[in-house]
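The values are calculated or read from the model by the stated rules, or taken from the named source; none is laboratory data. On a predicted model such as this, the values are computed, not experimentally measured, just so you know. No Cβ is skipped: glycine too gets one built from the backbone with ideal geometry, and neighbour counts run over all protein chains shown. Accessible surface is based on the protein model in full, side chains and every heavy atom, while ligands, DNA and RNA are left aside. Shrake-Rupley method; radii C 1.70, N 1.55, O 1.52, S 1.80 Å.
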Amino acid sequence: KAGVTQTPRYLIKTRGQQVTLSCSPISGHRSVSWYQQTPGQGLQFLFEYFSETQRNKGNFPGRFSGRQFSNSRSEMNVSTLELGDSALYLCASSLGGGGARNSPLHFGNGTRLTVT
Amino acid sequence: AQSVTQPDIHITVSEGASLELRCNYSYGATPYLFWYVQSPGQGLQLLLKYFSGDTLVQGIKGFEAEFKRSQSSFNLRKPSVHWSDAAEYFCAVAVPNAGNMLTFGGGTRLMVKP
């Protein structure tokens, strides 16, 4: 079974631009979560989507948004990029119904975003 | 709100030596507890998890962890470290009714000396 696929692996953008990152979950998984990983702040939860609905949201500004499609694929968008948005963005999928207790998260290898 | 502390940023052990990585959490009840490992350029892989019951849990790759309620700790252990265990280790918590929202500790980078 294929794992969680994130595209692209690397991305370089300029301040003020916007970016869209893509995540394809494991087949059959209905929950997709996004995390930001930086050396300074560590791993931080962005948001979670389950059956096309945002189920939880972390403490990030409105510039960060996401969506999930009917096939469970998810995208996250960051508008008006800032230097501090440079990070590894990780997507994780799970079966999803019962949350963290019932179904473990499977992480992709991430998209490395560099903002110059 | 819950929080997780991993007091050791870096740990170096010799191959074949035992390992213990510390994790302390702050939450009003018993959260769901996890240990993940991340190799360079990779995502996170789940090593083990604790929800309830037996406080000693076994995971993959020979790892185990012990939940101690009185100390709000969930330390990860391995009796004999292999060079391939060199990676970054993250402790994480989740709470009921919060879906898959995990709160991670800052991580411990493990180096293994030959």
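Mean partner shielding of peptide A:25-38, defined as the number of other chain Cβ atoms within 10 Å of each residue Cβ, is 1.
Using the Cβ-Cβ distance between A:Q54 and A:L11 with R0 = 30 Å, the FRET efficiency computed as 1/(1 + (r/R0)^6) comes to roughly 0.80. Summarised in one figure, the compactness ratio Rg/Rh of the protein assembly as shown, Cα atoms and Kirkwood Rh, is 0.97. What's the magnitude of the charge dipole for chain A around its Cα centre, counting Lys and Arg as +1 and Asp and Glu as -1 at the beta-carbon? Answer in Debye, nearest 20. Magnitude of the dipole: close to 120 debye. The accessible area of B:L48, taken with all protein chains in place and a 1.4 Å probe, comes to roughly 10 Å². A viscosity of 0.692 mPa s and a temperature of 37 °C, combined with the Kirkwood radius over C-alpha pairs in the Stokes-Einstein formula, give chain B a diffusion coefficient of 232 µm²/s. P(r) tail for the stretch B:58-113, what percent of Cα pairs lie past 17 Å? Of all Cα-Cα pairs in the stretch B:58-113, 50 percent lie more than 17 Å apart.
Excluding ligands, DNA and RNA and using a 1.4 Å probe, chains A and B jointly bury around 1700 Å² of accessible surface, summed across both partners. Selection among A:Q68, B:A87, A:T114 by position relative to the dipole of the protein assembly as shown gives A:Q68 as farthest towards the positive end (Cβ unit charges, Cα centre). Taking a straight line from the alpha carbon of A:K13, these aspartates and glutamates sit under 13 Å away, with near neighbours fewer than eight places off in the same chain left out: A:E82, A:D85.
Using a cutoff of 8 angstrom between alpha carbon atoms and counting only pairs six or more residues apart, the relative contact order for chain B works out to 38 percent. Summarising the strand pairing of chain B, around 85 percent of its internal DSSP beta bridges are antiparallel. Under the convention that each Lys and Arg Cβ holds +1 and each Asp and Glu Cβ holds -1, the size of the dipole of the stretch B:7-99 around its Cα centre is about 220 debye.
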